[in-house]
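All remarks here apply to the structure that follows.
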Amino acid sequence: YFQDLLNKSEKALYDAFPSIYGELYTQNMKVFKDLYSELRRYYRGSNINLEEALNEFWTRLLERLFKLMNPQYHITDEYLDCMVKHAEQHKPFGEVPRDLKVKATRAFIAARSYAQGFLVGSDVVKKVSQVSLSHECTRAIMKLMYCPHCRGMSSVKPCNNYCLNVVKGCLANQADLNTEWKYLMDSLVVVADRIDGPYNVDTVIGTIHMRIAEAISNLQENKDSITAKVFQGCGNPKISTKGSSSEDKKRRGKVALEAKSSAQALEMLVLDAKGNLTALKTYWITLPGSLCSKKVTASTAADDKCWNGMTKGSYLPEVMGDGLANQINNPEVEVDITKPDMTIRQQIMQLKIMTNRLGNANIGNDVDFQDASDDMSGSGSGDSCPDDVCGKRLSKSPSTRQPETHAIPKQSGHGVNGASSRSLPSAFLLFLWVAFIAAQHLGR
């Protein structure tokens with residue numbers, strides 16, 4: 001949407017300026033194209049100082065227009081340097097350059113920070129969803145989903161709390177994203193309000209061509225007084241031997257360009273985005289519940305008629321809290337809480353960095369995005385399952401096992417519907433599917 005606003009403004013300029021300004025435009029077409037190119041590059045994340053880019057545009061435009069409007073004089077580069085030094089005092093373009101710089105800087109900072117925030121969030125989901133299951137987690141999932149079949153209880157589904165402990169243990173590191181993830185969602189909502197409010201992005205970006213036309217008209221209308229002031233400060237230039245042009249006289253006058261407002265479209269986009277962002281705030285800590293209730297087919301039957309990891313009956317252990325630190329006593333999955341997953345820790349840092357940038361953007365401070373892309377068991381016993389899987393007891397001690405080293409291979413695939421036909425890592429693939437849905441929300 002932001003790029004479309006910029007594209008429409010640029011097209012409006014190209015369509016209208018040739019007939020309005022003639023040589024004033026055609027001989028300086030590159031100056032205008034360079035401005036839009038710089039604005040587009042800035043929005044896409046290039047390391048460009050936006051204020052300097054705007055200042056450079058007005059300087060180049062003034063130099064070229066002053067020469068075209070005074071063809072009877074031989075104006076050297078040294079003379080133009082002197083004129084530019086006095087430009088702030090004479091204000092040849094009126095208040096437009098200063099006003100546009102203030103408004104455009106805030107609008108573009110907010111717009112590109114907002115878009116970058118979505119990209120970072122989407123990238124975090126993508127990288128986190130590539131973190132593989134540990135051996136302990138793989139075994140716990142097999143016990144959760146397949147041991148009932150070994151016991152001849154294929155119709156009995158896992159107890160909900162049993163499922164939660166398994167998945168919370170498997171996604172313990174992912175749950176630690178929650179705090180910084182929530183901060184990012186909140187920051188995006190705040191900047192969204194700025195975009196559709198004080199920074200008036202729709203009006204500022206969509207009417208750049210109109211502000212340029214306003215500035216040029218101001219220069220044309222005050223040509224004589226501005227020229228006199230320049231001559232007074234820099235001296236009288238030599239008379240040129242070339243003939244003067246009447247082009248400027250034919251192109252004088254006020255310019256009336258129309259801008260079609262799409263403020264309502266922006267309002268609807270922002271409203272939709274804020275709704276999605278709010279829904280995603282607790283994504284990482286609600287993921288286990290979503291998987292157990294919708295994807296792992298946890299039992300909705302009576303508490304004493306579900307698979308508890310050992311038999312058909314009640315599941316007695318309490319449900320663990322969220323995050324790695326709370327898994328020290330997880331009865332279903334061995335989790336080494338002293339070894340957090342480094343990929344996920346890196347993504348937590350990326351979330352912190354992006355939230356900080358959005359905070360700066362919210363108050364109009366520019367930010368640099370060059371490094372944005374770097375940064376189970378229950379009561380009873382079973383005689384039809386292997387002892388090392390189904391025969392485990394609640395009294396097991398986590399300290400008796402060596403911690404697993406978690407590899408991070410790339411994974412792809414789709415979840416398989418139906419518990420009886422799932423391959424061993426299918427629960428994790430279902431997590432990937434849910435993560436993909438979240439990435440789609442962020443990428444919209």
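Going highest first, how would you order 43-49, 282-288 by mean Cβ packing within 10 Å?
So the peptides 43-49, 282-288, ranked by packing, come out 282-288, 43-49.
Carbon and sulfur together cover what percent of the accessible area of the stretch 60-127 at a 1.4 Å probe radius?
50
Which net charge results when you count Lys and Arg as +1 and Asp and Glu as -1 among the other residues whose beta-carbon is under 14 Å from that of residue 320?
-4
What ranking do 225-235, 62-72, 114-124 get when scored by the average of other Cβ atoms within 10 Å per residue, highest first?
114-124, 62-72, 225-235
Kindly report the accessible area of the stretch 137-183 per residue (heavy atoms of protein chains, probe 1.4 Å, no ligands, DNA or RNA), in Å².
Accessible area per residue: 32 Å².
Of all the Cα-Cα pairs you can form in the stretch 1-121, what percent are over 22 Å apart?
Pairs farther apart than 22 Å: 43 percent.
So between residue 78 and residue 294, what do we pick up on full extension, going 0.36 nm a residue minus the alpha carbon distance?
Here the answer is 70.4 nm.
Students often get this wrong, so check it: of 8/229; 11/229; 30/238; 127/312; 281/312; 281/305, which have C-alpha atoms separated by over 32 Å?
Beyond 32 Å: 8/229; 11/229; 127/312; 281/312; 281/305.
For an R0 of 45 angstrom, estimate the FRET efficiency from the Cβ-Cβ distance between residue 88 and residue 179 and round to the nearest 0.05.
Computed FRET efficiency for residue 88 and residue 179 comes out at 0.45.
Which values of log₁₀ I(q)/I(0), to two decimal places, follow from the Debye formula for the stretch 316-369 at q = 0.19, 0.23, 0.28, 0.31 Å⁻¹ with a uniform point scatterer at every Cα?
After summing over all Cα pairs, the log10 values are -0.73, -0.88, -1.06, -1.15.
Please give the contour-minus-distance gain from residue 271 to residue 360: 0.36 nm per residue of separation, less the Cα-Cα distance, rounded to one decimal in nm.
The span from residue 271 to residue 360 would gain 29.8 nm if fully extended.
Using all alpha carbons of the stretch 83-202, what is the percent of pairwise distances in each 5 Å bin, ordered from the shortest bin to the longest?
Per 5 Å bin, starting at 0, the Cα pair percentages come out as 2, 9, 12, 11, 10, 9, 8, 8, 7, 6, 5, 4, 3, 2, 2, 2, 1, 1, 0.
Could you please report the charge total around residue 156, scoring K, R as +1 and D, E as -1 over all other residues with beta-carbon less than 10 angstrom from its beta-carbon?
Here the charged neighbours net out to +4.
Where does the charge balance sit around residue 57 when Lys and Arg score +1, Asp and Glu -1, over other residues with C-beta under 9 Å from its C-beta?
With Lys, Arg at +1 and Asp, Glu at -1, the net is -2.
With a Cα-only, solvent-free Debye model of the stretch 172-231, what are the log10 I(q)/I(0) values at q = 0.12, 0.14, 0.19, 0.23 Å⁻¹?
These q points yield log10 I(q)/I(0) values of -0.58, -0.65, -0.81, -0.90.
The values are calculated or read from the model by the stated rules, or taken from the named source; none is laboratory data. All values derive from a computational prediction rather than experimental measurement. Virtual Cβ from ideal backbone geometry, glycine too; neighbours counted across all protein chains shown. Just the protein is used for accessible areas: all its heavy atoms, side chains included, with ligands, DNA and RNA removed. Shrake-Rupley method; radii C 1.70, N 1.55, O 1.52, S 1.80 Å.
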